[in-house]
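Everything below concerns the one structure shown next.
The values are calculated or read from the model by the stated rules, or taken from the named source; none is laboratory data. Since the model is a prediction, treat every value here as computed from it, not as a measurement. Cβ placement follows ideal geometry from the backbone for every residue including glycine, while neighbour counts extend to all protein chains displayed.
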């Protein structure tokens with residue numbers, strides 16, 4: 001027999017142009033279910049006007065990023081028991097630093113454009129991997145892999161600099177640029193990211209790496225990108241007279 | 001809009017709730033940096049007493065020998081140590097040196113900052 005908990009889902013409700021408010025829904029849940037299951041049950045059995053994004057339910061599509069009890073989570077892989085207790089409350093809010101379209105749905109179009117501008121391609125050769133856990137086996141040099149970033153936007157929501165600087169492109173597009181440069185070695189990527197609102201705006205809180213559900217390590221990638229930008233500029237300086 | 005990026009949210013920089021140790025380091029660097037900047041102004045004001053002659057300056061020095069001011073000086077030294085050591089970590093990680101180990105660097109440098117702060121606090125408070 002499965003264990004049942006009574007949990008209050010306190011969900012942020014906001015329609016365009018209207019002040020935000022929280023609405024409580026008390027649900028009977030299995031603590032091993034995921035937060036997204038609870039949100040779906042609210043929609044299915046309590047309020048069909050609730051808007052939220054979801055698709056794959058297994059942390060591949062990146063659609064269900066939300067703030068759960070003040071922390072950015074991919075709700076399809078966040079077990080209820082990890083964020084509350086029996087009789088407790090789960091506060092669910094939309095990601096920060098994006099315009100709210102409705103309830104838990106935010107407008108991520110600018111974010112996707114920034115990723116595109118970074119020349120990010122979601123498939124990369126395995127021999128271009130640059131983190132230890134991305135290592136490949138011998139004889140796989142001609143293989144390709146899906147790059148880990150699922151474009152969920154969670155890193156943008158957690159970043160304190162993205163919170164106060166609307167022009168900052170944020171961790172995921174910078175990580176995408178590092179990935180793209182690593183693969184293409186196209187200097188125009190470095191020149192594009194060598195900007196006060198790109199690689200140089202980060203103030204090293206590394207919260208992006210802490211919340212990333214795919215271990216992309218955007219914080220490290222931003223710093224690596226800076227190193228490559230500096231190297232490129234020094235090389236240009238040394239060879240400009242020739 | 002409340003949910004969108006805005007400079008008005010700057011106070012949220014100082015909210016450590018539900019955040020990782022790296023954000024705590026980020027907050028610590030800002031708090032100590034602001035504290036040291038405030039101290040710099042107070043220090044310049046104190047030096048300004050020199051322009052008012054020896055009596056005004058001596059009177060001011062007698063005031064700052066109060067234990068409350070000594071405790072304030074301990075805080076300044078502590079802030080300087082924390083900000084300086086954390087600054088080394090930020091400087092290195094910020095140009096891609098050891099960025100993957102920035103969290104371990106923070107633990108080590110913060111421990112060093114605590115030890116140094118205790119040493120100097122003991123010297124200043126007990127040695128006086």
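Structural remarks
- Of the residues A:145, A:201, A:221, the single one that is farther than 23 Å from residue A:98 by Cβ and either surrounded by 15 or more Cβ atoms within 10 Å (Cβ to Cβ) or touching a helix residue (DSSP H, G or I) at 6+ places or on another chain (Cβ under 9 Å) (or both) is A:145.
- Residue B:57 surrounded by 15 or more Cβ atoms within 10 Å (Cβ to Cβ), touching a helix residue (DSSP H, G or I) at 6+ places or on another chain (Cβ under 8 Å) and modelled with pLDDT under 90: yes
- Any hit, segment A:205-222, residues being outside any loop (DSSP other than H, G, I, E, B), over 14 Å from the mean Cα position of the chain (by Cα) and away from chain B (no Cβ under 14 Å): no
Residues are listed down the side, and each one gets a yes or a no for (1) within 14 Å of chain A (Cβ to nearest Cβ); (2) more than 30 Å from residue A:160 (Cβ to Cβ); (3) touching a residue at least 24 places away in the same chain (Cβ under 8 Å):
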position: B:7; (1), (2), (3): yes, no, no
position: B:12; (1), (2), (3): yes, no, no
position: B:17; (1), (2), (3): yes, no, no
position: B:30; (1), (2), (3): yes, no, no
position: B:33; (1), (2), (3): yes, no, yes
position: B:37; (1), (2), (3): no, no, no
position: B:40; (1), (2), (3): no, no, no
position: B:57; (1), (2), (3): no, yes, no
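- Only listed residue being in contact (Cβ under 8 Å) with a residue 40 or more places away in the chain, more than 10 Å from chain B (Cβ to nearest Cβ) and either surrounded by fewer than 19 Cβ atoms within 10 Å (Cβ to Cβ) or out of contact with any strand residue (DSSP E or B) (no Cβ under 7 Å at 6 or more places or on another chain) (or both), chosen from A:161, A:169: A:169
- Applying the criterion of being crowded, with 22+ Cβ neighbours inside 10 Å and more than 11 Å from residue A:128 (Cα to Cα) to the residues of segment A:172-189, the residue that is nearest to the other protein chains (Cβ to nearest Cβ) is A:178.
So that you can scan it fast, the table gives a plain yes or no per residue for (1) crowded, with 16+ Cβ neighbours inside 10 Å; (2) in a loop (DSSP other than H, G, I, E, B):
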position: A:23; (1), (2): no, no
position: A:38; (1), (2): yes, no
position: A:42; (1), (2): yes, no
position: A:47; (1), (2): no, yes
position: A:55; (1), (2): no, yes
position: A:58; (1), (2): no, yes
position: A:61; (1), (2): yes, yes
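- Taken over segment A:103-141, the residue count meeting the criterion of being touching a strand residue (DSSP E or B) at 6+ places or on another chain (Cβ under 7 Å), on the phi < 0 side of the Ramachandran plot and in contact (Cβ under 8 Å) with a residue 24 or more places away in the chain is 6.
- Taken as a whole, segment A:176-196 holds at least one residue that is touching a helix residue (DSSP H, G or I) at 6+ places or on another chain (Cβ under 8 Å), part of a loop (DSSP other than H, G, I, E, B) and outside the structural domain of residue A:79 (by TED's automatic domain parsing).
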